[in-house]
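What follows is one structure encoded as structure tokens, with my remarks underneath.
Quick note: the coordinates plus some simple rules give every number you see, no bench work behind them. This structure is a prediction, so every number in the text was calculated from the model and none was measured. When we count neighbours, we look across all protein chains shown, and the Cβ atoms used for this are built from the backbone with ideal geometry, even at glycine.
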Amino acid sequence: MESCRHVFQVSGIKNREKKRILLKGINQLGGKYIGGSVYRHSSTHLIIPQVLPGEKFLAACAAGKWVVTPNYILDSVQNGSWLEERLYEVAIFTRSSAAFYPVRQWREKVSNGRITGAFQGWRVLLMVQEPTRRDMFKRLLKAGRAEVYNSPPPTFTSITHVMAKPVTESSKSQDAPCYPVSHIVQHLFGSNCVDIKFNITDDPVAEKDDYLDHDFSNLEAELKSVVLKKEGQPRLCFLQFLGYHDPHHPHSQAILADFSNVGTMIECGLFIEALDSIRSSAFPGLLPPATNLISLLQYAQQGNATSVFLRNFHQVLENLLLTNPPWLAPNSVKKYYAQVLQCPQCKTGLWPFLETAIRYCLSSGVTCHPLPGPALPTLVDFHYDIISFCLKLFQGELHSVTSRDFVRHQVTQAPSTFSSGSLLCGTFWTVWEHSTLLPRSVKQLIQLIVQAADMGGAETAKTQKLHLADTMLHLLSVLVEFWCQQHLRLNQRLVEKGLKDLSEHLAVVSQDLPPAVLVELVASVRSSRLKQTDEKGRTPMDLVCTPGQKEELLSSAEVGDSTQRHEGTEVLNLPLLEAGSSLLCHLVVSYQLERGLPGHSQPRDKPNSLVYKLVRALETHPLQKVTLDWTDQRAVKLVEDVETLLELSQGKHREQVSRAVRECKGESTTVLMEILENLSSRDEMLVADL
């Protein structure tokens, strides 16, 4: 029974090894495979790497069959049973960048019983001269439940369509509308057939032979290598930490000295003198007693310390980090920092200490214990310095992790896949939260970022709070990069899910922020991971589940499109345009860093460079032909993006940008126009060189 529900045909996969793996998987799960070069109506599924101009694909679409990518078989085998097909349906991306599923509309109509096929009710007089072509079109039309007749048709039959190749006076003289055979594609895909870019009038036999004459598998391997290399690169680099390791003072153990006089000074209330004594003893391996620093921190928080004392205390912490970086030291030094960097009264850990400092700077009043109020300017500056210091500490740990020199001293234990010994991990993740990018502390940090960005008040206060939001955004970038680095090599899907959850959470908590504030926040984001789109290329519209809401959104979009077609010269909402332009600028730049191909090579290397080989292939062959038997969808997506860049070189983007936007003098909008023109000019030069 199970095999009857999974009867497969395969199209567009010429690599024998890849096809062998798929057939083995089908057999392993109890499915059935039907070979041959023509469509078989008894099949239930068609496997193709992407949309192809072939009989099997068009017929399966007309019949409402499942058309899925090879990953459906591969993932089902890994799962041990058949998965849901909908997640693997073949999609293309139209010129509007929206995902289009060419088979889904007909499959859903057939499965719901509304129709039996895409050509139901058609009575077609097929006037195609070449016999092989005529048989192919007959199978295609019958797959969609059309009745097909040869010329002349029976006298008792009322013909609804005349399909001709070529269209002649004889075909036009029939008592029914006459269409070229390309009308089949037009009926199946409507206006989207332009984006599918295939022509049904091409000879399928010649097309098949021509595809076999060109092997682009090496190009796929090179692109896949580029993708893997970029995925493994760190997104954040902090070169200032390169000098933190002093080879002349190995940190095999923390060196302790006699600081009893410092303790006596603190007991006598001589805090300034005690701090000066500690400042003069900043050497690698030499750590002042944690109890002394805790007492000085407690004094600083009481609001009685001078601004000089507060600055000097911050300088002591900076020197301590420079001479005794915890990422290059044994666990005892990490515990030392964890003991010092917490509230002297509550002693609940580093994150509550950080959260208290942030809330004091925001004047929110909600802190772990009462602090001097109203917020004192000198104490606000001190807490901001504490936040900046913690950020620097975490940046150093991230730098060490990405540089692969993180020191572990628990030699008796097996190394963990997550750097649980780091302060960064211990501060934001509990043992049970390692697999999520959104533990409770990170959610609290995001909420504080939004709160800081949305605070009103005097201009000076607003500027200070935006600086605070900027610092917290940098901290969030470090957290995201750290978590992704820990999981990327072993579980890429977990990373993709974590980034998706993070983007949705950010969208929810920041939905009430004004556009101008969003511009400031987006401009402050450093990690390109915070700007990634859906890994499946889905648009926000694809995530709308309710049909009524989707229709309402589409209706609003149509109104907006009709307004855009009127070439106005006035920008009606400059803040919104600037916010959108800023987002687009960052997305383009982030894409080039995150997914883009390497830049232009030196002139002598151009013929052999990956970029030139890829552009040369797209200049001489259609995209479907270049990626015909590819199975790595990341490589296919790269080729699609390069084709879009080639369209930029032809100036196709200019007709989609209104005059008002082109002439807008807003800073972000002007930068966006310059980015688009630079991309266009660069690719014009690339094509010209070929």
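Observations, loosely collected:
- Under Karplus coefficients 6.51, -1.76 and 1.60, residue-wise ³J(HN,Hα) of segment 447-452 in Hz, glycine/proline x: 4, 5, 4, 5, 4, 5
- Net lengthening on full extension, Asp381/His183 (0.36 nm per residue, minus Cα-Cα): 64.2 nm
- Thr348 paired with Asp512, simple spin-label distance in nm, labels 7 Å along Cα-to-beta-carbon: 2.5
- Using the Karplus relation 6.51 cos²θ - 1.76 cosθ + 1.60 with θ = phi - 60°, the per-residue 3J(HN,Hα) values for segment 664-669 come to 5, 9, x, 4, 5, 5 Hz, with x marking Gly and Pro.
- Entries in Lys24/Lys109; Lys500/Lys665; Lys230/Lys334; Lys14/Lys138 that, when Cα-Cα distance is taken, lie over 28 Å: Lys24/Lys109; Lys500/Lys665; Lys230/Lys334
- Residue exposure proxy: Lys613, Lys229, ordered by other Cβ atoms within 10 angstrom of their Cβ from fewest to most, comes out as Lys229, Lys613.
- Between Arg440 and Gln592, residue separation times 0.36 nm minus the direct Cα-Cα distance comes to 51.5 nm.
- Under Karplus coefficients 6.51, -1.76 and 1.60, residue-wise ³J(HN,Hα) of segment 301-313 in Hz, glycine/proline x: 6, 6, x, 9, 6, 7, 5, 5, 4, 5, 5, 5, 5
- Förster radius 25 Å - calculated FRET efficiency between Lys335 and Gln447, Cβ distance, rounded to 0.05: 0.25
- Given their separation in residues at 0.36 nm each and the Cα-Cα distance between them, Leu576 and Arg662 gain 29.4 nm when the chain is fully extended.
- Annotation for Thr264 and Ser151: the two label points, set 7 Å from Cα along the Cα-Cβ direction, are 11.6 nm apart.
- Note on His487, His41: ascending count of other Cβ atoms within 10 Å places them as His41, His487, the fewest first.
- Proximity of backbone amide H atoms, modeled 1.01 Å from N, is registered between Val128 and Lys165 at under 5 Å, excluding neighbours fewer than 5 places apart on the same chain.
- Remark: Leu438, Leu46 ranked as Leu438, Leu46, counting other beta-carbon atoms within 10 Å and listing the fewest first.
- For segment 3-111, the gyration tensor built on C-alpha atoms gives a rounded shape. Its axis ratio a/c (a ≥ b ≥ c) stays under 1.5.
- Distance (nanometres) between label positions extended 7 Å along Cα→Cβ at Asn112 and Leu490: 4.6
- Prolate/oblate/rounded label for segment 271-379 (Cα gyration tensor, a/c 1.5): oblate
- Rounded FRET efficiency, nearest 0.05, which uses the C-beta distance separating Asp135 from Ser173 and R0 of 22 Å: 0.35
- Under-5 Å amide H pairs with Trp66, H placed in peptide plane, nonlocal only: Leu46
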